[in-house]
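Single-structure report; data block below.
Nothing in this text is a laboratory measurement; each read-out follows from the coordinates by a stated rule. All values derive from a computational prediction rather than experimental measurement. FYI the Cβ positions are ideal-geometry reconstructions off the backbone, even for glycines, and counts take in every protein chain you see.
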Amino acid sequence: MEKNSIELNEGKYVVQIQAMKIDTDEPSAMAPYLANNAIITYEKGLYFLTLMIQEEKVVTGFQIQTESGTFTPSIEQQIDNEAKVRYEIFQLDQLSTILSARVQYKVDHEGKVFEGDETLRLMLDSKTIQNVADVEF
């Protein structure tokens with residue numbers, strides 16, 4: 001997939017999203033922890049991307065790379081303890097079909113704890129963008 005800018009009118013949209021490895025077109029280890037859909041809100045010249053992270057205790061941190069190259073954390077988090085999910089909202093000056101991201105994780109497996117910090121790509125499928133007002137739930 002080629003990196004293209006996404007331009008939207010003010011409003012709230014849903015888009016399909018995938019977590020991919022940084023250097024190959026294979027799903028990232030983050031893929032099972034990221035919901036398949038994200039919410040894009042565009043207002044007053046700013047984009048806000050809302051991601052749903054599943055098994056929120058495994059994913060201990062998540063950042064998206066800005067145009068200046070800095071990895072920036074979310075501006076807001078909401079945790080649903082019952083569903084074991086966390087919603088993270090990122091503010092972006094620009095939106096494109098490929099966003100670089102970074103994830104920190106901690107997994108307990110067979111009595112051992114595995115921790116990591118890895119980069120990945122978020123792939124937004126611009127063909128799937130729909131205004132939330134037009135989506136039937």
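Observations on the model:
- Within the stretch 44-69, backbone nitrogen closer than 15 Å to the virtual label 7 Å beyond the Cα of GLU7 toward Cβ: 45-46
- Kirkwood Rh (inverse of mean 1/r, distinct Cα pairs), the chain, angstrom: 15.5 Å
- In nm, spacing of pseudo-spin labels at LYS44 and LYS127 (7 Å Cα→C-beta vector): 3.6 nm
- Rounded to the nearest 20, the Cβ-based charge dipole of the stretch 11-134 about its Cα centre (Lys and Arg +1, Asp and Glu -1) stands at 140 debye.
- For LEU95, the amide hydrogen comes within under 5 Å of the amide hydrogens of ILE6, counting only partners 5 or more places away or on other chains and with H modelled in the peptide plane.
- Ranking ILE79, ASN37, VAL14 by Cα position along the charge dipole of the chain, where only Lys, Arg, Asp and Glu carry charges on their C-beta atoms, puts ILE79 farthest toward the positive end.
- Exposed-site-free run, longest, the chain (rule: trypsin sites (Lys or Arg not before Pro); DSSP loop; at most 16 other C-beta within 10 Å): 85-137
- Each Cα pair under 8 Å and six or more residues apart adds its separation to the average, and for the stretch 22-63 the resulting relative contact order is 33 percent.
- If you run the Gaussian network model on the chain, springs between alpha carbon atoms under 10 Å, then out of VAL59, VAL107, VAL14 the most flexible one is VAL107.
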